[in-house]
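Beneath this line is the structure, given in structure tokens, with notes to follow.
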Amino acid sequence: MRLFKRMPELQILLVCTIGCYLFLETFVASNQLNDFFGLTGVDLIFISFFMSFVVAIISVVAGVGGGVIFTPIMLAFTSVDTLIIRSTGLVVAMFSGLVASGPFMRKGLADIKLVFLGALPILLGGFLGSLAAITLFDYFGATGDALVRLTLGFILGLIAITFIVGGASTEYPEHSEKSRLATRLKLRHMYWEETLKRPVRYDVHNVKTAVFLLLCVGFTGGFFGLGGGWAVVPVLNLVMSVPLKVSAATSGVLLAMGNSAAIWPYINAGALIGVVAAPWMLGQIIGGIVGAHALAGLKAALVRKVLIVLLFLTSLKLCARGIEGIFNVNIPIL
Amino acid sequence: MIKRRPPVPISGVVYGEIIYWCTCLSALLVVGGTIRCFLETDTVMPVGYLINSVFEGRSVEEIWATSALKSPPDALTYLSLLHNGEALTVAGIAFGVLSVAPAVFFSAAYLWRSKNEFLAVTAMVSGAFAIVTPFVYFLF
């Protein structure tokens, strides 16, 4: 509640958004949709906003970007066209990070030098990935969709395993040797750790490997509409030895920047339906602000556990749908 | 042991503030666009049709082929239809997306002043890339 009092812009956004949806619910006649339990278009938009708000808080705290939750769930459990899901997924992945950039930078949690080091490979990779996605869709149609679902299912399983393997060891990584390249680029930083009530200093390592990995992450993020924060955190934390909390914050900022290039091929292909993406974007913005302020005083362990279970379940469903589409068989899961 | 809060880099604060406020502004544009979507009656992109088509699982090409536009819109189409709710909503999202570019340039200037020339240059290249990508599509 204190957060809302302290930030008038959050109050304005919340009042405008809720006011807009209440106005639409009350005064606008919207048709009932087929196969959606008697819900109208406005109902679905309001539900999307609420879900997006929750997803934003979880994703900012876990440092993964909302796309990694939104895109797989929508691909696994709805029949919405994959291009539309992936373009909206990029919006989801992006806007929580965009709006969280402000609080993260103000608190010194996100490292601007790391952001600019990783920005170019992620931007380039993301743009190439989204161009590849549009091309694949043009050539393979429905089979391409099934392939995307199956591949994404495997990738999600791998992400979940990465979180399990990497989650325990590296809240404050330490190295005895300093990286020469990182020293030349002045990649060292200090931030105030609220839970320890003291500043934490760190040095960065393995710069070249990390830049290459970020290019790959950008490509995957742009291709699947996932964003890429799920992999940026491990790259920053496990490869570059950046503390976990700074990795999560920097990943959110980097992700937002990287997706700013990836979204354009989708917009130019008519795959971003504004009225469908809007509630997801608004939920991400409001949830992103709340999540960014929550991160400073939180231990992210519980959120990560929830995320791991979610990723495994969605991975299973995606693999099943992918196999169904490619081999024309029926696998009864959910 | 030092217990003082370390100073926060000004280049980061500049970057964060520009993006933060542009994103809030873009959210307001999107809210306006959404309201307009539902209120307009005679439009080339009717909201009821779009929502129904999306949730029925129709493909992007099918959705636009059977709309009044007849083909998928690109960024220029949206710009020419800015009086339309759907186009205004997409424009609001695009405004938020493009806020990255000015934030990067201003932040790079501060990085340059603090003797981080290499990262300032990579930042400016990234900013230029973010500006150019909307237009790359039209080259093919």
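The values are calculated or read from the model by the stated rules, or taken from the named source; none is laboratory data. In this text the structure is predicted, and so the values were computed from the model without any measurement. All Cβ positions, glycine included, derive from the backbone under ideal geometry; neighbour counts span all protein chains shown.
Which of the residues that make up region B:63-106 are among the β-branched types (V, I, T) and crowded, with 24+ Cβ neighbours inside 10 Å?
If the condition is that a residue be among the β-branched types (V, I, T) and crowded, with 24+ Cβ neighbours inside 10 Å, then B:T89, B:V90, B:I93, B:V97, B:V100, B:V104 are the ones that fit.
Of everything in region B:45-62, what is closer than 14 Å to A:V80 by Cβ and more than 8 Å from chain A (Cβ to nearest Cβ)? Give them in sequence order.
Residues satisfying the conditions are B:S53, B:E62.
Just to be sure I understand the filter: pairs with C-beta atoms under 6 Å, separated by 6 or more residues or on different chains, first member in region A:144-166 and farther than 13 Å from A:A320 by Cβ and hydroxyl-bearing (S, T, Y), second member at pLDDT below 80 and buried (at least 19 other Cβ atoms within 10 Å of the Cβ). Which pairs pass?
A:T162/A:P234
Please find, within region B:67-113, the residue that is farthest from B:M124 (Cα to Cα) out of those that are more than 10 Å from every other protein chain (Cβ to nearest Cβ) and of a type in the set (A, V, I, L, M).
This residue is B:A68.
Would you kindly identify the helices (runs of 4 or more DSSP H) lying entirely within region A:178-285 that contain at least 2 residues that are closer than 28 Å to A:I164 by Cα and out of contact with any strand residue (DSSP E or B) (no Cβ under 9 Å at 6 or more places or on another chain)?
Correct list: A:207-224, A:229-234, A:244-268.
What is the residue count in region B:8-32 for residues that are in contact (Cβ under 8 Å) with a residue 24 or more places away in the chain and more than 7 Å from chain A (Cβ to nearest Cβ)?
Total meeting the criteria: 8.
Could you please let me know if A:T220 is β-branched (V, I, T) and at pLDDT below 85?
Yes.
Output the residues belonging to region A:127-141 that are within 9 Å of chain B (Cβ to nearest Cβ) and either loosely packed, with under 13 Cβ neighbours inside 10 Å or modelled with pLDDT under 80 (or both).
Matches in region A:127-141: A:F137, A:G141.
Assuming A:L120 fulfils every condition listed in (1) at the interface with another protein chain (Cβ under 9 Å from one of its Cβ atoms); (2) surrounded by fewer than 23 Cβ atoms within 10 Å (Cβ to Cβ); (3) more than 12 Å from A:M257 (Cβ to Cβ) apart from one, which condition is it?
(3)
Per-residue answers, yes or no, for (1) polar (S, T, N, Q); (2) modelled with pLDDT of 80 or more; (3) outside any helix (DSSP H, G or I):
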| residue | (1), (2), (3) |
| --- | --- |
| A:S52 | yes, yes, no |
| A:I57 | no, yes, no |
| A:V61 | no, no, no |
| A:G65 | no, no, yes |
| A:A76 | no, no, no |
| A:L83 | no, yes, no |
| A:G89 | no, yes, no |
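Checking the conditions here, which among A:S48, A:S101 is buried (at least 24 other Cβ atoms within 10 Å of the Cβ) and either in a helix (DSSP H, G or I) or at the interface with another protein chain (Cβ under 7 Å from one of its Cβ atoms) (or both)?
Of A:S48, A:S101, the one residue that is buried (at least 24 other Cβ atoms within 10 Å of the Cβ) and either in a helix (DSSP H, G or I) or at the interface with another protein chain (Cβ under 7 Å from one of its Cβ atoms) (or both) is A:S101.
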